[in-house]
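The values are calculated or read from the model by the stated rules, or taken from the named source; none is laboratory data. Just so we're clear, the structure is a prediction, and the values are computed from it rather than from any experiment. Glycine gets a Cβ as well: all are built from the backbone with ideal geometry, and neighbour counts include every protein chain shown.
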Amino acid sequence: MFTVLDRFGGWCILLCTGGRQYMRILHIIQRYWPYVGGSERQFQEFSERLVRDGHHVTIYTTDAWDLEHFWVRGKKRIQIEQEEHNGVIIRRFPVRHIAPTPLAYPAIRRLMLTLSQLPADLSGVISRLARLTPWVPDLEYTLDHEQQRYDIVGGMNIVFDSLLAPALRFARRTGAPFVLHPLTHLGEDKDSTVRRYYTMPHQLQLLRESDAIILQNAQEGAVLARLGVPADKMVVVGSGVNPHQLAGGQAERFRQIYGVTGPIVAYLGTAAYDKGAHHSLQAMQQLWQQGVEATLVFAGPTMDHFMSFYHAQPEEVRRYCRVLGFISEDDKRDLLAACSLLVLPSRTDSFGIVFPEAWLYGKPVIGARAGGIPSVISDGIDGFLVPFGDVRALARRIHQLLTDSDLARRMGEQGQQKTLSELTWDRKYSIVRQVYECLGGATAHRHDPKLVET
């Protein structure tokens, strides 16, 4: 069925030669356009390219905009229930909350983890608890009663198992292949705290029952294989960028709009502890105390716990920072053009799409030696890796790149070359497309799916 096309890090990219021209595809993900994050961007890139290739793609997602909307009321949500964007049909289902306190969600996840480590078989109890995190009953009901047939059902992000379990049931009930993009967060090698929340027994069972598993990196595959997930279902793809869409950033425009002079250290991503936002601020604080002149710019969604941490800092620290929150694509391009380097010392990234985005602008990067980031950054060549939470090491590397312009330039150029040759969405999509066409070929419609009623 499959033939070997390529090899990344010793793991085969397996593709088949069959498949038909037109397919109906259902993608399930926690958020989608207009929100732009790593996983959301990935499914958007794949979905829109599938549409351009003549396939019919529907997205089932939630109404969440803010990540915190999944566990607390009052956060930003998207009001439009159904719309079409670039040919992709988007249907949103409301997130419900079982309790007024935001503590219920993490408490349930911790209980699930505790139960999963007991010797007794409590899979039924754990699966019922998983339905509540997040709780999206209308989506589950729709998938359990949907009569429309699809040629491929794809789900993304294993930690949102409450969406993936009904998606798998729907695929099995209707005879469609199920493709899972798990985005497994591996955390730190010597600390399984993060990894355990992505590899609970019921989550591993979802992976085992999938027909294909799209991975971000070879390390993710190695870990899952050790946990009993069949390696012959795995395909290493990863994330990418669109060089032409990212071009055109204007550094001076960013500086004028946000009133920034001097070097800029950019943190581009969700401002959260596990993403390294706190450590980035603490590292810069050390450098400011040494007289280093630079501005730390946080661009991306901000979690409440980070904002509490930030507002607790003295004014002499906060005056060197800009916390912008979610920014437009134009502002992101301008920031990438303006910054001296990018930092994202995260332990909860399976890839880290912002690294190749910075490389396209010739900027060096710093990430954590955790999760999938070491598979993206070549330490000492196109950026630096530091242990998660090691503020002194992070400060030292930031200072090195701020003061050694030749090193920063060489690293940025190396990253730029790697991005253009290996990390484009066109390259990544070509692999996913062939996997989908292979699996969906046996059930694909013989007619143009655009003519089928939805």
Could you list, in sequence order, all residues of the range 51-100 that are assigned to a loop (DSSP other than H, G, I, E, B) and among the basic types (Lys, Arg)?
Arg73, Lys75, Lys76
Can you name the strands (runs of 3 or more DSSP E) wholly within the range 326-430 that have at least 3 residues being in contact with a Gly (Cβ under 7 Å, 6 or more places away or on another chain) and not assigned by TED's automatic domain parsing to the domain that holds Tyr197?
365-368
Across the range 336-381, which residue is nearest to Leu246 (Cα to Cα) among those that are surrounded by fewer than 24 Cβ atoms within 10 Å (Cβ to Cβ) and free of Cβ contacts under 8 Å to residues at least 40 places away in the same chain?
Ile381
Quick one: in the range 82-100, which of the residues that are charged (D, E, K, R) and without any contact (Cβ under 8 Å) to a residue 24 or more places away in the chain is surrounded by the fewest Cβ atoms within 10 Å (Cβ to Cβ)?
Glu84
Qualifying position, being hydrophobic (A, V, I, L, M, F, W, C) and closer than 17 Å to Gly155 by Cα, among Val57, Val72
Val57
Please work out if Ala212 is over 19 Å from the mean Cα position of the chain (by Cα) and assigned by TED's automatic domain parsing to the domain that holds Asp66.
no
Test set (1) surrounded by fewer than 24 Cβ atoms within 10 Å (Cβ to Cβ); (2) of a type outside the set (Phe, Trp, Tyr); (3) within 21 Å of Glu316 (Cα to Cα) - Ala277 fails condition number
(1)
Quick one: which helices (runs of 4 or more DSSP H) lie wholly within the range 101-214 and hold at least 3 residues that are charged (D, E, K, R) and surrounded by fewer than 19 Cβ atoms within 10 Å (Cβ to Cβ)?
161-174
